[in-house]
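K.L.:
Please see the structure below; I have some questions.
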Amino acid sequence: MEFSKYRFDKKFYPEKNLIEHEGKFVSLHCHHFNCGLLKGLEELKGIDGLSLFVKTTEEIYCQSFSEYLQRHQELETLDDKLQAAAEMYYAFGYGILDLSALNERGGFAKAKSSYYVTAWLAKYGRRHSPVCFFTCGFIAGILEAIFNRSLGSYKVEEINCLIMGSDCCEFKVEAV
């Protein structure tokens, strides 16, 4: 990914062991924790834990990216906003995500790399179903922020995943 003008505020406060991204305190965990969390959510009985994870990610990134866009009024075009979101995804260590084929109605997004795929492979190995639930929520949230739509306005489904041997992770996005 070639970087451009987009920058993201990141601060570390070593005396308190706190990390701040774009004005919000965050907790970063290793792949053992994140994959264990996903596996636990996947195995919950009586609750769709993975949908809860997607919706939570969607809500966080809708709010966070809305605030980012408010602070960066110079991002006027859809292409600029989608590129900034892709670079945010990369800057935070989630992978390389191409959002350029998306519009207000939806479309397709692709990831050439994914933190969750790499992490899952290291911890559990290959699987036969997609694992990029975080990315589904991220995509929905940033689109809701860009188009000023309410939560739940986009359905994002991972239709191909690197973890299953695909060339990339591919996400089908639909406005609902």
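FYI, it's all coordinate maths here, none of it is from the lab. These figures come from a predicted structure and were not determined experimentally. Note that we place each Cβ from the backbone using ideal geometry, even for glycine, and neighbour counts take in every protein chain shown.
K.L.:
Using a simple charge model, +1 on the beta-carbon of Lys and Arg, -1 on the beta-carbon of Asp and Glu, nothing else, what dipole does region 77-176 show about its Cα centre, in debye to the nearest 20?
P.N.:
360 debye
K.L.:
So between Arg127 and Glu43, what do we pick up on full extension, going 0.36 nm a residue minus the alpha carbon distance?
P.N.:
Residue separation times 0.36 nm, minus the Cα-Cα distance, leaves 28.8 nm.
K.L.:
Straight-line reach from Lys10: which lysines fall under 20 Å, measuring Cα to Cα and dropping same-chain residues less than 8 apart?
P.N.:
Result set, ordered by chain and number: Lys24, Lys81.
K.L.:
Can you pull a Stokes-Einstein diffusion coefficient for the chain at 37 °C (0.692 mPa s), Rh from Kirkwood over Cα pairs, as a whole number of µm²/s?
P.N.:
197 µm²/s
K.L.:
Show which aspartates and glutamates lie in cross-link reach of Lys110 when reach means a straight Cα distance below 14 angstrom and same-chain residues fewer than eight apart are skipped.
P.N.:
Partners found: Glu87, Asp98, Glu157, Glu158, Asp167, Glu170.
K.L.:
Please arrange Val54, Val173 by counting, for each residue, the other beta carbons lying within 10 Å of its beta carbon, fewest first.
P.N.:
Val173, Val54
K.L.:
Mind jotting down the distance between the C-alpha centroids of region 131-176 and region 71-90, whole Å?
P.N.:
Computed from Cα coordinates, the inter-centre distance equals 17 Å.
K.L.:
Continuing with the same structure: What is the magnitude of the charge dipole of the chain about its Cα centre, with +1 placed on the Cβ of each Lys and Arg, -1 on the Cβ of each Asp and Glu, and no other charges, expressed in debye to the nearest 20?
P.N.:
Dipole magnitude for the chain comes out near 500 debye.
K.L.:
At a 10 angstrom cut-off on C-beta neighbours, averaged per residue, how do the peptides 142-148, 71-77 rank from highest to lowest?
P.N.:
Descending packing order for the listed peptides: 142-148, 71-77.
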